[in-house]
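Chemist: Dropping the structure in here first, questions after.
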Amino acid sequence: MARLSRTKKKELYHSIKGARDIFGDEYRLREWFIERAKHVATFYGFGPIATPHLERAELFGTTLGGTTDVVQKQMYAFRTRGGESVALRPEGTAPIMRAYIEHGMHTWPQPVLFWYAGNFFRHENPQRGRWREFYQFGLEVLGTEDPVADGLVIHVAVLMLREVGLQNVLVHLNSLGCKECRAVWRKELVAYFRKHGNALCKDCKRRLKENPLRILDCKEERCREASTNAPQSVSYLCAHCKQHFREVLEHLDDAGIAYVLDHLLVRGLDYYSRTTFEIFFEKPGESAESDNSETKTEVGTEESEKKKLLALGGGGRYDYLGEVIGSRNVPAVGMALGVDRIIPLLREHGKIPKSLQEPPKVFFVQLGTTAKRKSLHLMEELRKAKIPLAQSLSKDSLKSQLRIASRLGVFYAAILGQKEALDDTIIIRDMDSGAQETLPFVKSIEYLKSKLRGKGQPRPPEITDEEDE
Ligand code: AMP
């Protein structure tokens, strides 16, 4: 077999476009956010659900809408060796509705409340805050039409953000109405855009025939202008939908949630009815724009692109999805938060607990074969005593291990030399003063605990590329 050049290898063994590795600080922040979000969701009665990453492709094809970008362009769909047509899940709602119907959850006390967290896949144009593999934390309330469920979902989503320190949250809100009033509005919309047909971009001319609602969230300047005076869905709501929307707004008022009505908010998937919403974190002086998947490739200077706020989450009602999947009437509402977009905000605005960043306070140094062999056992004793520890067991010299200890900023080094390993003792070195004491190992744990008690957090580690040895 021909040998690959270094450059070729680099290309071949690189993560694929739109996917990435998550580790270190980002991983810890993500775990922490998910843990806090679960805590809030659980309090409000949401139970966990995990659905498979692979589903039958038809599940998404029939539910999200055959003419949506998610289905037409973004779904990772393929045939298995057995000839089955499957897709990597692009979103979480359709699988959960499938699970609800498949497991007869309509016989459970209604509504059924779920939270879920996991990876989703869309073959989109990767750009700021947009990945082909991304992580969502979602909520679903299945089996109720009551507007309080819409209020609950939005409220809990906002609380999950506030819980981690993102206080300044604004909800963009709209109502698309039910089948009846939506049809009237759609007709008016088509008539309006026919008159303005020439002003629309190429994609929107196609949308006018296939999916006219989506013209409203096109970000092309010409389409935005054309949409300014377009008929607004809220003006066409039937009495029932109007009342429903009014009650949703009242629930948000009562919960003290800031919102604005956004007549252009139609969202990317066909299954939405009535309430739709998106959630933004507002920095002073910046304003939010609706963020939908068909608008990803659009224009704008680099500066204006950077300033644009990205939706941290979105969702809405999907009262007809149950009929499409299982011929069952299951009114429902849900939402998903984009965790990849939340993490960078946490670094700047989050209320990150100290324990998450807890750096090691002691460095374990070992010298010689006997000491190295005893190390694993002794370090476990320190772990049980909850002493945050670092080590570099593969290093042999005292100098190089102490250099790492000093870079890490630990308060103490626990040094196990050949003699100490035989005597069951250990040397505790104060990294500031250089003073050393030899103690029996069993006593050293209590000694370290008492010394560390008043110390607080060590200084942040020095980051350097310098070789240690
Ligand atoms: P959606 O499933 O389209 O309703 O999206 C809900 C939220 O998930 C959005 O508001 C984003 O925060 C996030 N999201 C959606 N698509 C992506 C993506 N490709 N990359 C990163 N986050 C995404």
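The values are calculated or read from the model by the stated rules, or taken from the named source; none is laboratory data. The structure displayed is predicted, hence computed values, not measured ones. Cβ coordinates were reconstructed from backbone atoms using ideal geometry, including for glycine residues, and neighbour counts include every protein chain displayed.
Chemist: From His240, His263, His244, which residue is under 29 Å from Val71 (Cβ atoms), assigned to a helix (DSSP H, G or I) and of a type outside the set (Asp, Glu)?
Modeler: His244
Chemist: Working only within the range 131-167, note down all residues that are within 13 Å of the ligand (Cβ to nearest atom) and among the basic types (Lys, Arg).
Modeler: Arg132
Chemist: Okay, next question. Kindly indicate whether any position in the range 353-373 is β-branched (Val, Ile, Thr) and closer than 26 Å to Glu31 by Cβ.
Modeler: yes
Chemist: Kindly provide the set of residues from the range 135-173 that are part of a strand (DSSP E or B) and either on the phi > 0 side of the Ramachandran plot or of a type in the set (S, T, N, Q) (or both), ordered by number.
Modeler: Gln136
Chemist: Can I ask one more? Say we look at the range 44-57 and pick out the residues that are at negative phi and touching a Leu at 6+ places or on another chain (Cβ under 9 Å); which of these is surrounded by the fewest Cβ atoms within 10 Å (Cβ to Cβ)?
Modeler: Gly47
Chemist: Cβ-Cβ under 8 Å, sequence separation 6+ or interchain: first residue in the range 338-351 and part of a strand (DSSP E or B), partner polar (S, T, N, Q) and at pLDDT 95 or above. Which pairs?
Modeler: What qualifies is Gly338/Gln136.
Chemist: Restricting the search to the range 289-326, which residues are under 23 Å from Asn174 (Cβ atoms), at pLDDT 55 or above, more than 10 Å from the ligand (Cβ to nearest atom) and outside any loop (DSSP other than H, G, I, E, B)?
Modeler: Leu309, Arg317, Leu321, Gly322, Glu323, Val324
Chemist: Checking Val365 against (1) away from the ligand (no atom under 16 Å from the Cβ); (2) closer than 30 Å to Val112 by Cβ, only one condition comes out false. Which one?
Modeler: Unmet condition: (2).
Chemist: Out of Lys455, Lys419, report the one residue that is surrounded by fewer than 15 Cβ atoms within 10 Å (Cβ to Cβ) and at pLDDT below 95.
Modeler: Exactly one residue qualifies, and that residue is Lys455.
Chemist: Which one of these does Leu345 not meet: (1) more than 16 Å from the ligand (Cβ to nearest atom); (2) within 30 Å of Val148 (Cα to Cα)?
Modeler: (1)
Chemist: Checking Glu221 against (1) free of Cβ contacts under 8 Å to residues at least 40 places away in the same chain; (2) more than 14 Å from Val266 (Cβ to Cβ), which test does it fail?
Modeler: For Glu221, the failing item is (1).
Chemist: Taking Leu398 as the residue in question, decide whether it is surrounded by fewer than 22 Cβ atoms within 10 Å (Cβ to Cβ) and out of contact with any Asp or Glu (no Cβ under 8 Å at 6 or more places or on another chain).
Modeler: Spelling it out, Leu398 is indeed surrounded by fewer than 22 Cβ atoms within 10 Å (Cβ to Cβ) and out of contact with any Asp or Glu (no Cβ under 8 Å at 6 or more places or on another chain).
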